[in-house]
Amino acid sequence: MAFLAVLGGTQLACVEFVHWGHISDRENSWGINDVEIAQKQASGGWKVLSRSDGKGRWEVYKNRIKGGGSVRISKRGYYTIEMSEAEFLQKHMVLMHATGDSEFGDSVPPDWTN
């Protein structure tokens, strides 16, 4: 019995905590591959945390996320989404809107993030 307690304790120490989710096209609901997830650093630059896979799934080890910096989700052909780190950690599903509409600039209109 003591052996099982020791074995269980070592397994808990090896578990990585991961934040995961799925990125889909807002219009057609298909998964979007190779979407960059980056976090703004204190220096002002962006650090890439992860990219979505071929089915739109992504995961980020939580120890890579530093508190306070905003998170940017971007891919060419889609409007960029920027949100606080806290908001990102609450999301598991992100919908991206394809560009092609001259009405908007390079990022999602502010009323979409409210």
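The values are calculated or read from the model by the stated rules, or taken from the named source; none is laboratory data. Source: prediction; values computed, not measured. Methodologically, a virtual Cβ is constructed for each residue, glycine included, from the backbone with ideal geometry; neighbour enumeration extends over all protein chains shown.
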Checklist line | Hits in the stretch 76-114 - residues which are charged (D, E, K, R) and modelled with pLDDT under 90 | finding: ASP101, GLU103, ASP106, ASP111
Checklist line | Enumeration of residues in the stretch 55-91 that are outside any loop (DSSP other than H, G, I, E, B), farther than 20 Å from ALA42 by Cα, under 11 Å from the mean Cα position of the chain (by Cα) and in contact (Cβ under 8 Å) with a residue 40 or more places away in the chain | finding: GLU59
Check: Which members of the stretch 67-86 meet the condition of being touching a helix residue (DSSP H, G or I) at 6+ places or on another chain (Cβ under 8 Å) and not β-branched (Val, Ile, Thr)?
Finding: GLY67, GLY68, GLY69, SER70
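Conditions (1) touching a Pro at 6+ places or on another chain (Cβ under 8 Å); (2) of a type in the set (Gly, Ala, Ser); (3) on the phi > 0 side of the Ramachandran plot, marked per residue:
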site	(1), (2), (3)
ARG51	no, no, no
GLY56	no, yes, yes
GLU59	no, no, no
ARG64	no, no, no
GLY67	no, yes, no
ARG72	no, no, no
TYR78	no, no, no
SER84	no, yes, no
PHE88	no, no, no
Check: Quick one: would you say VAL94 is hydrophobic (A, V, I, L, M, F, W, C), farther than 15 Å from SER24 by Cβ, under 12 Å from the mean Cα position of the chain (by Cα) and part of a strand (DSSP E or B)?
Finding: no
Item checked: Candidate set: the stretch 40-83, residues that are surrounded by 13 or more Cβ atoms within 10 Å (Cβ to Cβ) and among the polar types (S, T, N, Q); chosen: the one farthest from HIS22 (Cα to Cα) -> SER70
